Amino acid sequence: MTNERSRPNVLLVVSHPDHESATWAIARAVEQGIQADESTTATTHDLTATGFNPAFTAADIAVHRQVGEVPADVRREQELIESADVVAVLFPVYWWSMPALAKGWIDRVFSRGWAYENTSPNGPSAIKELHYIALAGVNQDTFDRRGYKDAITLQLREGIAGYSEIAASSIEILYGTETTDPHAHQELAAQGYKLGADLAQRAQSAFDQRG
């Protein structure tokens, strides 16, 4: 996997059905930031376009109970993650959490024996780095005042990444994405570009360490 590739790779997972949305504008900026480092590749994974089914089925329960095989569509997603040095999930905040598609992707793909309780000698999780980029329609004051930032951080970093013993994780929240101010959109894109550049550096470091 990583040692078979000549360059580090960032997997950018995007959950939004509208390519004209602020979410996708920022996703493209993140991708550009990653690719600005010519030594790093970006794989943008559009969950809507793939037709991935987020519903947790009886087959997924069997995997969790370790009495069934991983479904083919889930295994394809896991292989995509395995081909990356860093995974970043970018999504709009819905009801102070992830959209159902992104959450269902994690529910099914981050399976027991692979994402957590993994007995592999390479580590407790097949996912080495997991970073979240959450896009909030409201301003930061609203998030801070009502405790939304603490809530989503606890859920995603501790509840998912921490429980899975993923070696490195983070969450970045970009605020005010529902504005119609073009200058604000430019600033959001600039923030996204910087996040992409940071992800490229993380991927390069992880790639070098794994040799």
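The values are calculated or read from the model by the stated rules, or taken from the named source; none is laboratory data. Remember, predicted model here, so these are calculated numbers, not experimental data. Here Cβ is always computed from backbone atoms with ideal geometry, including for glycine, and neighbour counts include all displayed protein chains. Areas reflect the complete protein model, heavy atoms only, side chains present, ligands, DNA and RNA absent. Shrake-Rupley method; radii C 1.70, N 1.55, O 1.52, S 1.80 Å.
When the accessible area of the chain is computed with all protein chains present and a 1.4 Å probe, what percentage of it is carbon and sulfur?
Heavy-atom surface of the chain belonging to carbon and sulfur, 1.4 Å probe: 50 percent.
Would you kindly state how much longer the chain becomes between GLN35 and THR179 on full extension, computed as 0.36 nm times their sequence separation minus their alpha carbon distance, in nm to one decimal? Numbers along the way, then the final one.
Values: separation 144, 0.36 × 144 = 51.84 nm, distance 2.72 nm.
Gain on extension, GLN35 to THR179, equals 49.1 nm.
Mean 1/r over all different Cα pairs, inverted: what Kirkwood radius does the chain give, in Å?
On the way: mean 1/r = 0.0568 Å⁻¹.
The answer is 17.6 Å.
Which chymotrypsin sites (Phe, Trp or Tyr not before Pro) in region 76-146 pass both tests, a DSSP loop state and at most 11 other beta-carbon atoms within 10 Å?
Details: sites: TYR94, TRP95, TRP96, TRP105, PHE110, TRP114, TYR116, TYR132, PHE143; in loops: TRP95, TRP96, PHE110, TRP114.
Counting only loop positions with at most 11 other Cβ atoms within 10 Å, the chymotrypsin sites (Phe, Trp or Tyr not before Pro) in region 76-146 are TRP95.
As an exercise, use a Förster radius of 25 Å and the Cβ-Cβ distance of ARG7 and ARG112 to find the FRET efficiency, rounded to the nearest 0.05.
Working: r = 31 Å, r/R0 = 1.26.
Once the sixth-power term is evaluated, E becomes 0.20.
Please give the FRET efficiency for GLU172 paired with ARG76, using the beta carbon to beta carbon distance and R0 = 35 Å, rounded to the nearest 0.05.
Numbers: r = 27 Å, r/R0 = 0.78.
Plugging the Cβ-Cβ distance into 1/(1 + (r/R0)^6) gives 0.80.
Restricting to Cα pairs below 8 Å that are 6+ residues apart, what does the relative contact order work out to for the chain? Please round to a whole percent. It would help to have the intermediate numbers written out before the result.
On the way: 360 pairs, mean separation 64.1, N = 211.
Here the relative contact order equals 30 percent.
Size of the dipole of the chain about the Cα centre, Lys and Arg at +1 and Asp and Glu at -1 on the beta carbon, nothing else charged, in debye to 20?
On the way: 17 positive and 28 negative charges, 79 e Å.
It comes to approximately 380 debye.
Please state the charge dipole magnitude for region 136-211, taken about the Cα centre, from unit charges on C-beta atoms (+1 on K and R, -1 on D and E), reported in debye and rounded to the nearest 20.
Details: 7 positive and 11 negative charges, 34 e Å.
Here region 136-211 has a charge dipole of around 160 debye.
Counting Lys and Arg as +1 and Asp and Glu as -1, what is the net charge of the other residues whose Cβ lies under 14 Å from the Cβ of ARG65? All intermediate terms of the calculation are to be shown ahead of the outcome.
Numbers: positive: ARG112; negative: ASP60, GLU69, GLU117.
Computed value for this residue: -2.
By a straight-distance test (C-alpha under 14 Å), which aspartates and glutamates pair with LYS149 as possible cross-link partners, with residues fewer than eight away in the same chain excluded?
Those aspartates and glutamates meeting the cut-off are ASP141, GLU158, GLU172.
Efficiency by 1/(1 + (r/R0)^6): what FRET value for ALA100 and ARG65, r their Cβ-Cβ distance, R0 = 25 Å, to the nearest 0.05? Intermediate values should be presented prior to the final figure.
Working: r = 24 Å, r/R0 = 0.94.
Efficiency for this residue pair is about 0.60.
Near LEU174, within a Cβ-to-Cβ distance under 13 Å, what is the net charge of the other residues, with Lys and Arg +1 and Asp and Glu -1? Show your work: numbers first, answer last.
Working: positive: LYS149, LYS194; negative: GLU172, GLU178, GLU187.
Counting the neighbours of LEU174, the net charge comes to -1.
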